[in-house]
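Engineer: Take this structure, written in structure tokens, and hold onto it; I'll ask about it next.
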Amino acid sequence: MPIARIHPPEQDVAYVRQHFARYDGTATGWSWLEDVAVLQEFHWRAVAANAPGYVAAYRDEPRLMIDVKPPYDRAALLAMLAPELRDRVTIREIRHNRAEAEALKSAVIAASESAGVSEMIAGFSQQNDRMEVILTDEDEADRLCAALTPEQVAATHITIALGPLIVY
């Protein structure tokens, strides 16, 4: 469970600057890391408030993104965001909320086990709003697709790569 923030969005920038100040204490200008830190404050606030439709907040070079699944209240979400970021954030409607993304991931993993897939890297890509799967064998990809529902196949992107797959 996220820690509830005790300061309002209007104080996010000051909070970030105070707690994440550069080691020399001098003002050297705003950076993308500070944008992300302020956006993280919004994330914890939105999660703690169980904001309708909210899915994720992140930086997707060079944009700051808030992903939502309808229905959602745009004005309410922006009110939870630091004023300094409100005109720089992109609110994007996506197909999968967090629970749906986790369910899809679990379904793909279970299907891969039942299809006898030997090597696989899989994860839900928030930026692409789909499952990303890397396999080393075309036949295994066909078996995996056959083990998934048509909706799951449509929400999954499979790439065939040379093996062995190394995850680190």
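Engineer: May I ask you to derive the relative contact order of the stretch 60-153, considering only C-alpha pairs under 8 Å and at least 6 residues apart, and to give it as an integer percent? If you can, show how the numbers build up before the last one.
Structural biologist: On the way: 86 pairs, mean separation 23.3, N = 94.
In percent, rounded to a whole number, it is 25.
Engineer: I've got another one for you. Under a 1.4 Å probe, what is the accessible area of the chain per residue, stated in Å²?
Structural biologist: Working: 9880 Å² over 168 residues.
The answer is 59 Å² per residue.
Engineer: Ok, one more. For helix 138-147, report the angle its Cα long axis makes with the longest principal axis of the Cα atoms of the chain; keep it between 0 and 90° and round to the nearest 10°.
Structural biologist: The angle comes out at about 80 degrees.
Engineer: Could you check how much of the accessible area of the chain is carbon and sulfur, as a whole percent, using a 1.4 Å probe? Don't skip to the end; give the middle numbers.
Structural biologist: Details: 5520 of 9880 Å².
That share works out to 56 percent.
Engineer: Consider just the alpha-carbon atoms of the chain and return their Rg together with their Dmax, both in angstrom.
Structural biologist: In order Rg, Dmax, the Cα atoms of the chain give 19.7, 59 Å.
Engineer: Moving on to the next point. Can you give me the Cα centroid spacing of the stretch 127-157 and the stretch 62-119 in angstrom?
Structural biologist: 19 Å
Engineer: Taking a temperature of 4 °C and a viscosity of 1.567 mPa s, what whole-number D in µm²/s does Stokes-Einstein yield for the stretch 27-105 with Rh from Kirkwood over alpha carbon pairs?
Structural biologist: Calculated translational D: 99 µm²/s.
Engineer: Now for a separate question. List the relative contact order of the chain as a percent without decimals, with contacts defined as Cα pairs under 8 Å and 6+ residues apart. Numbers along the way, then the final one.
Structural biologist: Details: 218 pairs, mean separation 27.7, N = 168.
Result for the chain is 16 percent.
Engineer: Further question: Rounded to the nearest 10 degrees, what's the angle between the helix 98-114 long axis and the longest principal axis of the chain, both from Cα atoms, 0 to 90?
Structural biologist: 20 degrees
The values are calculated or read from the model by the stated rules, or taken from the named source; none is laboratory data. Since the model is a prediction, treat every value here as computed from it, not as a measurement. For the accessible areas, the whole protein counts, side chains as well, though only heavy atoms, and no ligand, DNA or RNA atoms are used. Shrake-Rupley method; radii C 1.70, N 1.55, O 1.52, S 1.80 Å.
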